[in-house]
1. Taking the convex hull of the alpha carbon atoms in the stretch A:568-623, what volume per residue do you get, in Å³?
2. From the C-alpha coordinates alone, can you work out the Kirkwood hydrodynamic radius of the stretch A:366-519, in Å?
3. Count the net charge of all other residues whose Cβ sits under 13 Å from the Cβ of residue A:413, scoring Lys and Arg as +1 and Asp and Glu as -1.
4. Which cross-chain or sequence-distant (5 or more) residues have an amide H under 5 Å from the amide H of residue A:163, H modelled 1.01 Å from N in plane?
5. Mind listing the Cα extents of the stretch A:156-247 along all three principal axes, in Å, largest one first?
6. Using a ≥ b ≥ c from the Cα gyration tensor of the stretch A:445-568 (square roots of the eigenvalues), is it rounded, prolate or oblate, where a/c under 1.5 gives rounded and otherwise the larger of a/b and b/c decides, a/b for prolate?
7. At 7 Å along the Cα-to-beta-carbon direction for both residue A:159 and residue A:443, put a label point, then send me their distance in nm to one decimal.
8. Label residue A:67 and residue A:214 with points 7 Å out from Cα along Cα→Cβ: what is the distance between them in nm?
Amino acid sequence: MKIPSDKDLLHRFEPVMRYTAGEEFFPMSVDAYINRSSLWVKESNQPEAKLLIPEGKLSTESLCEPCNDSFGAIRFLKFIEPLNISDLAAYRLRQGIEELTSHKDPKKVFHPGRGRLARVGYWSRFIDAIFSITLLARGRVPGDTATAASLTYQSIMQENQHHIYYGRVLRRDGWIILQYWFFYAYNNWRSGFFGVNDHEADWEMIAVYLYEEDKEKIRPEWVAYASHDHTGDDIRRRWDDPELERIGEHPIVYVGAGSHACYFSPGEYLTEMEIPFLAPYARLVDWVQKQSKTLIKVATGDDLREKHRDSFNFFRVPFVDYARGDGVSIGPGQEFEWDQAQIIEPPPDWVLNYRGLWGLYAQDPLAGEDAPAGPMYNRDGSVRQVWYDPLGWVGLDRVAPPHESTHRARHRYQKIKNRIDSRLVLIQEKSNQLQYMDIEARAMQAQPHMERIHRAHVEEMGAISDELNQMRVQDTKDQALLQALERYIVDHERGVRHPPRAHIRREMKPLSSENLRISRMAEFWSAISIGLMMISFVGIVLLARQYLLAALTALISLVIFIESGFRKRLARLITGVTTALAIVTALVLLYEFFWEIIIICVLIAGAYIMWENLRELLTRRRK
Amino acid sequence: MPIFRKKKKTKPHKPKRPWPITAVALLLLFQGLGLLGVGIYDYPFNLLLEMENVHDFYHFLLLFLPTAVYGLVGLVILLASLDTFRMAPRSWINAMLLQGIILLSSLIQYFGSRPQYLYPIMIYTIFVVLYLHYSGTPQGFRFVSLPDPNGSPK
């Protein structure tokens, strides 16, 4: 049988992409994008960026011509010139008329769900308000750019409609890795779907991990979807995982509206964005949450780590990523099919030699509004992990392909068995030596002049005894490991597999229906609470400054109370606050009556010990 | 022989009250009576003696609010105690809420006038909070609020 080519493999497992209604940008060819872009450079010592190649003259060849930029210089493409006011007004008018006069395709209309703010706590909303305010001061992509990008994308598609992915096929450590890269002209998550950011150009990818059972049979084992900056075990699913939806051998990808992040299940995802200067606090909160859950588990046996796995860190800004899959669908047997795959392994020049950004460099200090670099590079020009280490990126660098697992397990089994055998010989030798030494030590005991030699002899015996003990402990561990390996090999040969989700620690789950059923009142409260708090604060400062502390305490308490009521956590709040007050009161009492408390404790302890001893005595007498 | 026999009225079978609930109800009863006593005794007494020291509203609040609260809370606790005897739903969380209010008032008073009866109130309230947390107590309350799968009271 013919060995499949890279293109055949890519074609066999190519994904089905399901977009959310209202999505405006789909995977496209980089050539079409580059033809409509200009190349710029921003030197660190210059206030303005310099045009290098104007629109219409740029191509994939000219993009990667050698450059002599200074340190700190950033090359970037510019896809869109923002619309002028008259163009924008004409576009909006046309859109309005279209909406009024014709029935719009439901796949093109986005319906926002319950507000993201109503789904998170007060502090997160406060951080979000600050984040939104900073957006005014930070470098950002102008608001009407998304409209202009959409119009340009539509005109490109009218000229030549296409849906393209870029494929890589790699062979590493027994795995065959298929990477599917998708290029989007624009990310309109913020302006289109209430998300974090807008930027020109967007590179997303998914990967399928295969193994060669024999020369003729290639089987899929894992699938990994890139979503935002997540890496590791959590982003991969085994081929037989029920969460992974498939049409034949084509995995289904639910794409985030505007963000183009890839998800396994349809739904609305609450994602956290970390603000750089708040990152240490966010990590501290993570640590405290983890420790407190461990402590509660030790104290009560209640495993909150399982119950509240998705507890929210309020130092990260919450956003909703809509990946409903109710819009356009691209892939085999769908309304749009993939065009011929473009292979980028070995990397062509435009991948390898262009390290600049693929869209506007907005000079955003948080980098969210700056365009990304190409598939191979990070924004700073370093190589992406997913490119140079596609196995380590999903935690597969420590996982053997299934067809090699049994062989490797047997190899390991034999190695450990050999180790045990050689150790057993050593244990026997040492044990004999110890017995001879004991006889010698007894013999020396009857000879007073040999006292010093006897002492050294006994010390040596002690050392050998310790060594022997350690060897036996190690032997017990190895025996257990051997047993486990034996069972593993038998299971594997019988076709028994480990649970497909055992590797997942923290999975991305769409919001539950319970979370989405937030009352209108709660949404209204979420919308006004931050502003109301600020206005009340100013009111207190202006009208009742002498009671500032008391009034602020009362205000914050009231907000916490209302917030807990809406989130159905009033009982937890009352219990928590009362317990905290009881602890403070107990400390006050301890401070006031320290010696009295000590004396009472000693008296009680004495009486208790006496009671226990007397009871034991009386019980014995009765018997 | 009477043609119509008078039908015997059967009283609905009341569920047996678990011991922790009775204990909480009794603790609340004593606490309510005590606090009511403190409120009745202390409020007019303080009002007469300390009125000269009150310079503004903040002082007034610090001095008299906790005492007034004791009286009022005492009354509410008596009602809560009755509710607990009747095994009303949410009586555990009500008891906890009332303990929180008492503790808050006592702490405010500790930083203010610090009367003699303050410490016994603190000790007693901490004891009630501990007892409410004690593993058997919440379970007893949960047992009452759970519906019987057979539809008949236990």
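Bear in mind these aren't lab numbers, they're just calculated from the coordinates by the rules spelled out. Everything numeric here is computed off the predicted structure, so don't read it as measured data. Glycine also receives a Cβ, built like all others from the backbone with ideal geometry; neighbour counts cover every protein chain displayed.
1. 86
2. 22.4
3. Once all neighbours under 13 Å are counted, the net charge is +3.
4. So residue A:163 has HN proximity to A:339.
5. Each principal axis gives a Cα extent; for the stretch A:156-247 these are 49, 33, 25 Å.
6. Note, shape of the stretch A:445-568 comes out oblate.
7. 10.1
8. Calculated label separation equals 5.3 nm.
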